[in-house]
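The next block holds one structure in the form of structure tokens; read it before the comments.
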Amino acid sequence: MLLAVDVGNTNTVFALHEAGSLKAEWRCRTEHKRTADEYFVWLQQLMLHEKITTPVTDVIISSVVPQVVFNLRILSDRYFDCRPMVVGKPEIDLGVPVRVDPDTLVGADRLVNTVGAFDRYGGNLIVVDFGTATTFDVVAADGAYVGGVISPGVNLSLKALSEAAAALPHIDVTRPEQVVGKNTRACMVSGIFWGYIGLIEGICTRISKERNETMKVIGTGGLSTLFNQGTDIFDEIDGDLTIHGLVLIHARNKKVPDV
């Protein structure tokens, strides 16, 4: 069984994949001080709860937080008796070209999303990922990663707003009933929701115009379903895109039929 680990700046997703299907998926807060032993105890309890008894034999990791990878490597070595694949290492074959400026380090999550999206939807794509940052990644007709856009994430913007303005409360983002708010909280909700809708639509439109191509727009990440309620810009919402990309990369490098 394959354990696919997607380490984001805020949360880390652990997914078990076997025989072409997703068996389970769990999420925890990203914490670089968490030890391999703590990871294992947590995972073991969740696997027992789901009645999963098949042992983990392979591990693949995508991480944008380098400090976390060390303990995940120990987890793989100590408890699963395997050497993990780490996306971004020179020996890992993505199966798609990366066409960016020389010496540019592209986030592993963005490359993994490119692989997963090209497999499911073909080329000429914009992948919008709602994470700690909201990223827009462009996938060419041949599946190549050719660059993108990085903007502040929704929750990061909310936190900055409430911390910088003493009179403004912390809020959770939802779809407002109307654009014009009648109180401070409603005004903030509207500004965040419709502001990000404008951001998404504007950037995707400009990317398509700049490339002079019709681009499919794929949304992923926790808030993609919420923002899909306010726009018709998305062609697909794909919640497990990153895990799918990790499974594909593992299969390509392991040379076994995981997919």
Of those in region 202-225 that are of a type in the set (A, V, I, L, M) and more than 16 Å from the chain's Cα centre (by Cα), the residue nearest to Leu125 (Cα to Cα) is Met215
Listed by first then second residue, the pairs whose first member lies in region 183-207 and is farther than 14 Å from Gly219 by Cβ, whose partner is charged (D, E, K, R), with beta carbons under 6 Å and at least 6 positions apart or on separate chains, are Phe193/Arg175
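Is there a residue in region 117-133 that is charged (D, E, K, R), in contact with a Leu (Cβ under 9 Å, 6 or more places away or on another chain) and surrounded by 17 or more Cβ atoms within 10 Å (Cβ to Cβ)? If you could, list the steps in order and put the result at the bottom.
Filtering region 117-133 down to residues charged (D, E, K, R) leaves 119-120, 129.
Filter once more, keeping what is in contact with a Leu (Cβ under 9 Å, 6 or more places away or on another chain): 119-120, 129.
The next check asks that each one be surrounded by 17 or more Cβ atoms within 10 Å (Cβ to Cβ); those that pass are 119, 129.
Yes: region 117-133 contains one or more residues that are charged (D, E, K, R), in contact with a Leu (Cβ under 9 Å, 6 or more places away or on another chain) and surrounded by 17 or more Cβ atoms within 10 Å (Cβ to Cβ).
Answer with yes or no whether Leu22 is buried (at least 16 other Cβ atoms within 10 Å of the Cβ), closer than 29 Å to Val106 by Cα and more than 15 Å from the chain's Cα centre (by Cα). Step through it out loud before you land on a result.
Numbers: buried (at least 16 other Cβ atoms within 10 Å of the Cβ): no; closer than 29 Å to Val106 by Cα: yes; more than 15 Å from the chain's Cα centre (by Cα): yes.
No.
Would you say Arg34 is assigned to a strand (DSSP E or B) and open to solvent by 50 Å² or more (accessible area, probe 1.4 Å)? Walk me through it before giving the result.
Numbers: assigned to a strand (DSSP E or B): no; open to solvent by 50 Å² or more (accessible area, probe 1.4 Å): yes.
Judged against the criteria, Arg34 is not a match.
Taking the condition under 16 Å from the mean Cα position of the chain (by Cα) and either exposed (fewer than 12 other Cβ atoms within 10 Å of the Cβ) or farther than 22 Å from Gly148 by Cβ (or both), does Cys82 pass? Walk me through it before giving the result.
On the way: under 16 Å from the mean Cα position of the chain (by Cα): no; either exposed (fewer than 12 other Cβ atoms within 10 Å of the Cβ) or farther than 22 Å from Gly148 by Cβ (or both): yes.
Here the answer is no, as Cys82 does not meet what is asked.
Between Leu105, Leu72, which is touching a Phe, Trp or Tyr at 6+ places or on another chain (Cβ under 8 Å) and either in a loop (DSSP other than H, G, I, E, B) or buried (at least 18 other Cβ atoms within 10 Å of the Cβ) (or both)? Spell out how you get there, then give the answer.
On the way: Leu105 fails: touching a Phe, Trp or Tyr at 6+ places or on another chain (Cβ under 8 Å).
Unique residue meeting the criteria: Leu72.
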Residues in region 232-258 that are modelled with pLDDT under 95 and open to solvent by 60 Å² or more (accessible area, probe 1.4 Å) total 5
Log entry, pairs with first residue in region 83-106 being at positive phi, second being open to solvent by less than 70 Å² (accessible area, probe 1.4 Å), beta carbons closer than 6 Å, six or more apart or on different chains, reads Gly88/Ala108
Scanning region 153-174 for residues that are under 22 Å from the mean Cα position of the chain (by Cα) and outside any helix (DSSP H, G or I), the one surrounded by the fewest Cβ atoms within 10 Å (Cβ to Cβ) turns out to be Asp172
Counting only residues that are closer than 19 Å to Leu2 by Cα and open to solvent by 90 Å² or more (accessible area, probe 1.4 Å), region 59-69 contains a total of 0
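Give Asp101, Asp119 a once-over and let me know the one that is acidic (Asp, Glu) and in contact with a helix residue (DSSP H, G or I) (Cβ under 7 Å, 6 or more places away or on another chain). Spell out how you get there, then give the answer.
On the way: Asp101 fails: in contact with a helix residue (DSSP H, G or I) (Cβ under 7 Å, 6 or more places away or on another chain).
Exactly one residue qualifies, and that residue is Asp119.
Filter region 207-221 down to the residues that are on the phi < 0 side of the Ramachandran plot and in contact with a strand residue (DSSP E or B) (Cβ under 6 Å, 6 or more places away or on another chain) and list them by number. Break it down stepwise before answering.
So the first thing to find is which residues in region 207-221 are on the phi < 0 side of the Ramachandran plot, and the list is 207-211, 213-220.
Within region 207-221, Ile207, Met215, Lys216, Val217, Ile218, Gly219, Thr220 qualify.
The values are calculated or read from the model by the stated rules, or taken from the named source; none is laboratory data. Note that this is a predicted model, so its numbers are computed, not measured. With ideal geometry, Cβ positions are generated from the backbone for all residues, glycine too; neighbour counts draw on all protein chains shown. Each accessible area value is taken on the protein alone, full model and side chains, heavy atoms only, with ligands, DNA and RNA left out. Shrake-Rupley method; radii C 1.70, N 1.55, O 1.52, S 1.80 Å.
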